[in-house]
Amino acid sequence: MSTALDNRRLIVRLLLLAVAMFCFGVFVLPPFYDVMCQAFGINGKTAKAYEGSQVVDEQRQVRVQFLATNAVDMVWEFRPKADDLVVHPGASNEMLFIASNPSDHPMTAQAIPSVAPSKAAAFFHKTECFCFTQQVLQPGERIEMPVRFIVDRDLPADVKHLTLAYTLFDITARKPPVAQATPTP
C-alpha cells in the first residue's frame, strides 16, 4: 500500500516540477535574458520605428561600422559594400550589403542584426532592412540588399562609434517546399 502512495507522491512532485520549469521558461527567463544582455553588452537589439524629428545634427558625427558574418552552415558570400560610414545624428543613411549564392541549389536566408554598444541600440533606427524578410537566391544569383537607418539625435554624447552586425542563417530546410504544378494530360 505504501508503494502506491509513494508512486502518487512522486507523480505529483514530477508534475509540479514540470509546471515550475514551464513557468520559469515562459515568465522568468525572457526578462532575465534581456537584463543579462544589457549587463554584458551583447545582442544589442535595434530600436523600434523612428518617431523623432528629422532635424539633422550637423555639428556631431558618429562612425557606424558594418559587419557581416555567416552562421556555421551558411555558404553564401555576404559582406557590406563599405566597412563604415560617418553619419550625422538625425540624418537618413543607407548601406548596401552584397550576397551571392555560390551553391548549385536555391537557398533561403534570414539575417539577424545586432548593435553595439548595447546602450546605443535603442538609438539606432532601421527604416528599411533586408533583415525584415527572408532572402531567396537561386544558384549563382547575386543581390544588393539595402539597409536604411537613422542614428537618433538623442544618442548619448559619449557614443561616437556604433557597430551594426548581421549574422546570416541558412533557413532553407525550415521553409516549406514550394509545391510544383503537375502537368495535366
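The values are calculated or read from the model by the stated rules, or taken from the named source; none is laboratory data. This one's a predicted model, so the numbers in the text were calculated from it and none came from an experiment. Methodologically, a virtual Cβ is constructed for each residue, glycine included, from the backbone with ideal geometry; neighbour enumeration extends over all protein chains shown. When the accessible area is computed, the model is the full protein with side chains, heavy atoms only, and any ligands, DNA or RNA have been set aside. Shrake-Rupley method; radii C 1.70, N 1.55, O 1.52, S 1.80 Å.
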Query raised in the report: Filtering the stretch 38-62 down to residues that are more than 16 Å from the chain's Cα centre (by Cα), open to solvent by 90 Å² or more (accessible area, probe 1.4 Å) and within 20 Å of Asp158 (Cβ to Cβ), which residue is modelled with the highest pLDDT?
Result: Gln61
Requested in this report: Write out, first by first residue and then by second, each pair whose Cβ atoms fall under 6 Å of each other, whose residues are 6+ apart or on separate chains, and whose first residue, in the stretch 102-121, is β-branched (Val, Ile, Thr) while the second is open to solvent by 30 Å² or more (accessible area, probe 1.4 Å).
Outcome: Thr108/Gln134; Thr108/Val136; Thr108/Thr172; Thr108/Lys175; Ile112/Thr167; Val115/Thr46
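Across the stretch 94-135, what is the total count of residues that are open to solvent by 70 Å² or more (accessible area, probe 1.4 Å) and in a strand (DSSP E or B)?
Step one: list which residues in the stretch 94-135 are open to solvent by 70 Å² or more (accessible area, probe 1.4 Å), which gives 94, 102, 104-105, 112, 119, 127-128, 132-134.
Then keep just the ones that are in a strand (DSSP E or B); that gives 94, 112, 127-128.
Within the stretch 94-135, residues that are open to solvent by 70 Å² or more (accessible area, probe 1.4 Å) and in a strand (DSSP E or B) number 4.
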